[in-house]
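First comes the structure, then the notes that go with it.
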Protein chains: 2
Amino acid sequence: MIISLDRKSNIGLQEQLFTQIREQILDGRLKGGAGLPSSRNLAQQLAISRNSVTFTYERLINEGYLIARPMVGTYVATTLPELAPAAPSDSPPKIADGPIREKLAPAAFRGRPHSILNNSRIPIDFWPQRTDPRAFPLKAWRRLVLHSLATAGHNLTEYGDPCGLAALRTAIADHVAGSRGIYIRPEQVVIVAGAQLALNLAVRVLVRPGDSIVVENPCNQGAAFLFESLNFRVHPIAVDQHGIDTSKLAAIDAQIIHVMPSHQYPMGGTLSLARRSELVEWAERNGAYIIEDDYDSEFHYAGAPLAAIKAMSPDNTIYLGTFSKSLGAGLRTGFAIFPDHLAEAASTAKALLDNGQVWLEQSVIAEFMLGGGFARHLRRTKTRYLTRRDRIVSALRAHFSGAEFSGTDAGTHLAWKLPSHFPSAHRIQAVARSRNIGVYTVQSGGGHEYGGSQYEDRWLLLGYASLTEEQIDAGVARLAELVRGAGGST
Amino acid sequence: MIISLDRKSNIGLQEQLFTQIREQILDGRLKGGAGLPSSRNLAQQLAISRNSVTFTYERLINEGYLIARPMVGTYVATTLPELAPAAPSDSPPKIADGPIREKLAPAAFRGRPHSILNNSRIPIDFWPQRTDPRAFPLKAWRRLVLHSLATAGHNLTEYGDPCGLAALRTAIADHVAGSRGIYIRPEQVVIVAGAQLALNLAVRVLVRPGDSIVVENPCNQGAAFLFESLNFRVHPIAVDQHGIDTSKLAAIDAQIIHVMPSHQYPMGGTLSLARRSELVEWAERNGAYIIEDDYDSEFHYAGAPLAAIKAMSPDNTIYLGTFSKSLGAGLRTGFAIFPDHLAEAASTAKALLDNGQVWLEQSVIAEFMLGGGFARHLRRTKTRYLTRRDRIVSALRAHFSGAEFSGTDAGTHLAWKLPSHFPSAHRIQAVARSRNIGVYTVQSGGGHEYGGSQYEDRWLLLGYASLTEEQIDAGVARLAELVRGAGGST
């Protein structure tokens, strides 16, 4: 391992050390399993403090590049998240960074793209991030679009409030009061182009250099890869069928936590009330902020949904919502709800991030909500998706005896635990793809597992919202044939 | 000065020191002109290294909070950029930061909003950021919207490429080849929600902690306040009627420069060919990147427009464009064009920033461009705005003998230099407002002047694109009356 620190650089020595080790791991100069020098030796060799080395190692461990073996040493991780297949197209993994032009610095940005786009048109595709295109309220939409255009006035040519159209902010404030128990002023709502931008806004408002953030493990790539690209210190905590294991929080000193309590992505767990209370108590005791991503809470099938974390701890919680699942991802409209005391900072941060969301979609969604169309659409769509949820669960149970699931209580996808005698999730995904069936491992479905592959190897994600009952039946039946053919008894 | 460092915090001591001094300056506990302890004394007192203090002082000096007087000492700056008036409503300056809740950290974000929103409905309003709502091609738009909705398929419910619709990226690549001499692959084009988001994307891709950026002085608040909120080291260089004074560049060692060469905001200058060459030579010699904001280059009235900087130095230049002026700001659609070697980093950074722009507007704009409607619309609109430009120039000349302007060759606004015997720009703005005429100082029109008030005191910004010729005549005539009434002979 060759490290060369530039003491005249504006970049801190620790940051340089971190970047150089990380790059050597990523480009293969440091191979999986290779041992690293002790922190004492490396510190002496580089003439820097031992703390700097220890801290850098810890950060690389947290991000999954290194593995610490207590009393033995520190090693390069053998399965780097970076080197696992990333995109549903099975394209080779890529680290975004073009060739370096003479004299020109390469991009300052380093990161990897998350899997949200699925261009493949597989005949029976259980892609977990897809809702039903036929459920879109097209007729009502056309009417509202024409009405908005006819009464647009200067709205098509004028800048609006960067935080969004007042009517839409009010409609959302009303909606979350009724559906999620969140009582706020419309000024606390910021309209954004989807939940990913909402997350960017939240961290711009909240996170300081060097801050730590707790994340669910596995979590969605959009969050994991964003935090990685911003060099946050990440503390992953395992999730199970009931969401994040909040008993692990007590040992962690962090200012921010990112959770998806309604229907965790990718594992689908719904956080229990006891865990919600534990989470809120931890946050309030530590003065920590909770980023609550509630991306598909509209579809909840088992009784009344639990109130949002935001309703339990309004001052500590930034709530992220989106119309991507409830209406359509092509509308690119979501929102963030900030605590009252952060509303002004959020509003300014938003204005400096972008000058607001497209007027027409905001106007149409507001009209759709205020006129009652949205509530009717949600009821209709929920019934439709519930039927499909029932169908996929019964089909999987019929073909795979003793099938175990996570995430069936809500949302538009479930996670299926493969019996131990089945081929790996990757193998099943590949065989199924060759027979025109799309099923997805955690990683290829847009999830990210920090260090290890417990979920990646043994679970598959199946979205059911966009498939008819006939397609679900046919898909599961063919899957059972394929698994038997690949050596798994069903 | 009371500094209290928390050695258990995850935030570095240097960062804590920086933040605490900065906050005490911003909230007035440390007053302009106050002397700071020597770095040796402060280091002893706080038991930290002298280097930490020196570095922190240097950073505060670079950001304009402190002033170093060689051999004398370090002082709080008397004119802080933060304390200048900000909004067109003449509201008091605000630092976005709510009250601190018990235990909860305040927002990490610090910044101030830029003036892009104008909610006042002044009868004759020369607001410089407004185009003509009546010029919007509403009839064609309605037809294209209906066509897109009728053929939407899964586009309303599916995630698209975060970098934008392929058809629109291709249409833009074709457009900038013909109009700006920029020859690129469509993959270098990233569709974003307007030029402000494009700028955020560009700096996320390019800027490293501690990097320096050269900016025009004055420049637009959207850029200035963004760079300030991200703690960049800023080097302002004065502009005149011909844009940024590139002869000042040689002395500056920076990796990035932000310029608006077609029609500088707010002063309106068009960068001369000689200066363009000097800028490009400097960038290529230093391996620096140029961020070229070309927000209103479609409206160029004096012969053929000069080729874009991007056309002269494709590897070094990130080109930002928007449909806000050419079509309408309510469409919230713009784009960034990256050099080929940064396209992949840009694409990943964009995906982690947001999951793409609204599908419908992208589809409609692409159809409008590919069908020739956009080119026809531009020709029509340019003729309309040229007539208004001629009208406002002749009206100002008729009422104010020897009137001097900047920025009349392009765009939708001009800058008017007040004769020295006139009341100040602020005074004229206030008197005019009271008589239902909107004219704008640099600051209230969304510009930002670093240190000093040369332009702020003596120039007014007048937008003319949204006013009829009759309104322009009436507005200028009433302005002349007001100025005479306020003590200026015309």
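Send over a whole-number figure in Å² for the accessible area per residue of the stretch A:247-325, probe 1.4 Å.
28 Å²
Out of B:N51, A:L386, A:P305, whose Cα points farthest toward the positive end of the dipole of the protein assembly as shown (charges: +1 Lys, Arg; -1 Asp, Glu; placed on Cβ)?
It is A:L386, whose Cα lies furthest towards the positive end.
Provide an ascending nm list, one decimal, of label-point separations from B:A307 to the equivalent residue in each further copy; define each label point as 7 Å from Cα along Cα→Cβ.
B:A307 label point versus its equivalents elsewhere: 6.5 nm.
With the alpha-carbon atoms as the only input, what is the per residue convex hull volume for the stretch A:154-371 in Å³?
Working: hull volume 25.1 nm³, N = 218.
Expressed per residue, the convex hull around the Cα atoms of the stretch A:154-371 is 115 Å³.
Note down the magnitude of the dipole of the stretch B:154-371 about its Cα centre, charges +1 on Lys and Arg C-beta and -1 on Asp and Glu C-beta and zero elsewhere, to the nearest 20 debye.
Working: 14 positive and 24 negative charges, 31 e Å.
Roughly 140 debye, rounded to the nearest 20.
If you average the sequence gap of Cα pairs under 8 Å that are 6 or more apart and divide by the length of the stretch B:13-76, what percent do you get for the contact order?
Relative contact order comes out at 40 percent.
Mind giving me the FRET efficiency for A:S420 and B:S120? R0 is 56 Å, r the Cβ-Cβ distance, nearest 0.05 is fine. Spell out each step's value before the answer.
Values: r = 69 Å, r/R0 = 1.23.
That gives a FRET efficiency of 0.25.
If r is the Cβ-Cβ distance from B:R142 to B:L378 and R0 is 22 Å, what FRET efficiency results, to the nearest 0.05?
Details: r = 19 Å, r/R0 = 0.89.
After rounding to 0.05, the efficiency reads 0.65.
DSSP beta bridges in the stretch B:154-371, what fraction antiparallel, as a percent rounded to 5?
Values: 10 of 27 bridges.
Just about 35 percent of them are antiparallel.
Over the heavy atoms of A:M369, what accessible area does a 1.4 Å probe trace out, to the nearest 10 Å²?
30 Å²
With only alpha-carbon atoms counted, please give the Rg and Dmax of the stretch A:275-349, in Å.
13.8, 40
Quickly estimate the mean residue ellipticity at 222 nm for chain B, helices only: each DSSP H run with n ≥ 4 gives -39500 (n - 2.57), and the total goes over all residues, rounded to 500.
Details: 15 runs with 184 residues, N = 490.
Rounded to the nearest 500, the figure is -11500 deg cm²/dmol.
Let me make sure I get this right: for the protein assembly as shown, a, b and c are the square roots of the gyration tensor eigenvalues over alpha carbons, sorted descending. Under 1.5 in a/c it's rounded, otherwise prolate if a/b > b/c, else oblate. Which is it? Write out the running numbers ahead of the final one.
Working: a/c = 1.78, a/b = 1.29, b/c = 1.37.
In terms of gyration-tensor shape, oblate.
Roughly how large is the B-A contact in terms of buried accessible area, totalled over both chains, probe 1.4 Å, nearest 100 Å²? Don't skip to the answer; put the middle values down first.
Values: alone 22060 and 21790 Å², together 35450 Å².
About 8400 Å² of accessible surface is lost on pairing.
Scattering from the C-alpha atoms of chain A alone, worked out with Debye: what is log10 I(q)/I(0) at q = 0.06, 0.10 1/Å?
The calculated log intensity ratios at q = 0.06, 0.10 Å⁻¹ are -0.29, -0.82.
Between copies, how close do the B:A486 label points come, placed 7 Å along Cα→Cβ, listed in nm from shortest?
Going from nearest to farthest copy, the values are 7.6 nm.
Using alpha carbon centroids, what distance separates the stretch B:306-322 and the stretch A:235-260, in Å?
46 Å
Tell me, which residues of the stretch B:1-49 get at least 20 Å² less accessible area when the other protein chains come in, versus the chain alone (1.4 Å probe)?
B:N10, B:I11, B:E15
A:A34 versus A:K248, label points 7 Å from Cα toward the beta carbon: distance in nm?
Result: 2.9 nm between the two label points.
Take B:A486 and B:Y183, extend 7 Å from each Cα along the Cα→Cβ direction, and tell me the distance between the two endpoints in nm.
Taking the simple label geometry, B:A486 and B:Y183 are separated by 5.2 nm.
Measuring from label point to label point, each 7 Å out along Cα→Cβ, what is the A:T468 to A:D6 span in nm?
6.2 nm
Can you figure out the FRET efficiency of B:Y301 with A:D240, using R₀ = 41 Å and their beta-carbon distance, to the nearest 0.05?
Details: r = 66 Å, r/R0 = 1.62.
E(calc), rounded to 0.05, equals 0.05.
Can you tell me the dipole magnitude for chain A around its Cα centre, using point charges on the Cβ only (Lys, Arg +1; Asp, Glu -1), in Debye to the nearest 20?
Charge dipole of chain A: 900 debye, to the nearest 20.
May I ask for the longest run of chain A untouched by chymotrypsin sites (Phe, Trp or Tyr not before Pro) that are loop-located per DSSP and have at most 16 neighbouring C-beta atoms (other than their own) within 10 Å?
On the way: sites that count: A:Y183, A:Y301.
Between exposed loop sites, the widest span is A:302-490.
Considering only the protein assembly as shown, what is the antiparallel percent among its DSSP beta bridges, to the nearest 5? Could the numbers behind the result be given before it?
Details: 54 of 92 bridges.
Of all bridge pairs located within the protein assembly as shown, approximately 60 percent are antiparallel.
Can you give the Kirkwood hydrodynamic radius for the stretch A:136-203, in Å, rounded to one decimal and based on Cα pairs? Walk me through the numbers on the way to the answer.
Working: mean 1/r = 0.0712 Å⁻¹.
Across the stretch A:136-203, the inverse of the average 1/r is 14.0 Å.
With all protein chains present, how much of the accessible area of the protein assembly as shown (probe radius 1.4 Å) comes from carbon and sulfur, to the nearest whole percent?
On the way: 18240 of 35450 Å².
Here it works out to 51 percent.
Over the Cα atoms of the stretch B:347-429, compute the convex hull volume and normalise it per residue, giving Å³. It would help to have the intermediate numbers written out before the result.
Values: hull volume 15.0 nm³, N = 83.
With only Cα atoms used, the stretch B:347-429 gives 181 Å³ per residue.
Taking only the C-alpha atoms, wrap a convex hull around the stretch B:13-76 and report its volume per residue in Å³ as a whole number.
Working: hull volume 4.9 nm³, N = 64.
Roughly 77 Å³ of hull volume per residue.
Once the label point is set 7 Å along the Cα-to-beta-carbon vector, what list of distances in nm do you get between A:A375 and its counterparts in the other copies?
5.2
Quick one: which bits of the stretch B:131-176 get at least 40 Å² less accessible when the partner protein chains are in, versus the chain alone, with a 1.4 Å probe?
Going by heavy-atom accessible area, the residues of the stretch B:131-176 that drop by at least 40 Å² are B:P133, B:L138, B:R142, B:L146, B:L149, B:H154, B:L156, B:T157, B:E158, B:Y159.
Please report, in debye to the nearest 20, how large the charge dipole of the stretch B:13-76 is about its Cα centre when each Lys and Arg carries +1 at its beta carbon and each Asp and Glu carries -1 there. Could you put the intermediate results ahead of the total?
On the way: 7 positive and 5 negative charges, 46 e Å.
Using Cβ point charges on Lys, Arg, Asp and Glu, the stretch B:13-76 gives about 220 debye.
Could you tell me which of the pairs A:K8/B:K310; A:K350/B:K325; A:K139/B:K382; A:K350/B:K103 are separated by over 29 angstrom between their Cα atoms in the structure shown?
A:K8/B:K310; A:K139/B:K382
The values are calculated or read from the model by the stated rules, or taken from the named source; none is laboratory data. Remember, it's a predicted structure, so these values are computed and weren't measured experimentally. Backbone-built Cβ (ideal geometry, glycine too); neighbour counts: all protein chains shown. Heavy atoms of the whole protein, side chains included, go into the accessibility calculation; ligands, DNA and RNA do not. Shrake-Rupley method; radii C 1.70, N 1.55, O 1.52, S 1.80 Å.
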